[in-house]
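Here the structure is laid out as structure tokens; the discussion comes afterwards.
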Amino acid sequence: MEPSTAFYHPASAELRFCSHCGHGLSRDIPPDDNRARYLCHHCGSVHYQNPLMVVGTIPVWQNRILLCRRAIEPRYNTWTLPAGFMELDESTAQGALRETREESGARIELGALFTVIDVPEVNQVHFYFLAEALGPDLDPGPESLEARFYDESEIPWDNMSFQTVSTTLRHFLEDRRKGHFDVHHYALPRH
């Protein structure tokens, strides 16, 4: 069977074997640390686990907001802002540009950081940047069923993919009405 992005299986939070020597791991507090980590008592490696970064944009063309309809799980067939996991060897800005291009085909000029959202329930931090689309042309990639620009009154609020997307859009619309964009930093509560 070929690997496919249609099958979404987040990595297990539990580690069992050392990636350096292959021996079993235990969960202990290393010397000079204050929290439990996965430790290899054979080779001495400490295996740190850190949050994943999600990076995206709020692209606007003539006051209309770009949304993409997801072609992958989780939340297949729901609407989202163009965003995805940051890759190694790229900045948050580079990742946001790449994800926007991959998911929508839009060419954009990246603006300021707009939201930073801590999502502790899934060990993620989401970063959304303001963006200006350089034209109306879109060419959605394989992770999007479609991409289109929405007027504020047309946004499909009842079919949005993630709470981080909905809250980012609400902050954006509120700030746009005020004529001033602030940086919004907050954490989503655990359920």
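The figures follow:
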read-out: Some residue of the range 156-179 being over 22 Å from PHE127 (Cβ atoms) and either aromatic (Phe, Trp, Tyr) or surrounded by 14 or more Cβ atoms within 10 Å (Cβ to Cβ) (or both); value: yes
read-out: Those strands (runs of 3 or more DSSP E) lying entirely in the range 101-181 with at least 2 residues β-branched (Val, Ile, Thr) and modelled with pLDDT of 95 or more; value: 108-119
read-out: Residues of the range 23-37 that turn out to be surrounded by 11 or more Cβ atoms within 10 Å (Cβ to Cβ) and in a loop (DSSP other than H, G, I, E, B), as a count; value: 6
read-out: Selection count where residues are within 18 Å of ALA131 (Cβ to Cβ) and either under 17 Å from the mean Cα position of the chain (by Cα) or not acidic (Asp, Glu) (or both), scope the range 167-178; value: 8
read-out: Test: residue in the range 59-72 that is crowded, with 19+ Cβ neighbours inside 10 Å, over 19 Å from the mean Cα position of the chain (by Cα) and either at pLDDT 95 or above or not in a loop (DSSP other than H, G, I, E, B) (or both); value: no
read-out: From the options HIS47, HIS23, residue that is at pLDDT below 95 and more than 28 Å from SER144 (Cβ to Cβ); value: HIS47
read-out: So PHE85, is it at pLDDT 95 or above and buried (at least 19 other Cβ atoms within 10 Å of the Cβ); value: no
read-out: Output for the range 103-137, where each listed residue is surrounded by fewer than 16 Cβ atoms within 10 Å (Cβ to Cβ) and under 28 Å from ARG190 (Cβ atoms); value: VAL116, ASP118, PRO120, GLU121, VAL122, ASN123
read-out: Residue check, THR100 touching a residue at least 24 places away in the same chain (Cβ under 8 Å) and within 27 Å of ARG190 (Cα to Cα); value: no
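The values are calculated or read from the model by the stated rules, or taken from the named source; none is laboratory data. Remember, predicted model here, so these are calculated numbers, not experimental data. Methodologically, a virtual Cβ is constructed for each residue, glycine included, from the backbone with ideal geometry; neighbour enumeration extends over all protein chains shown.
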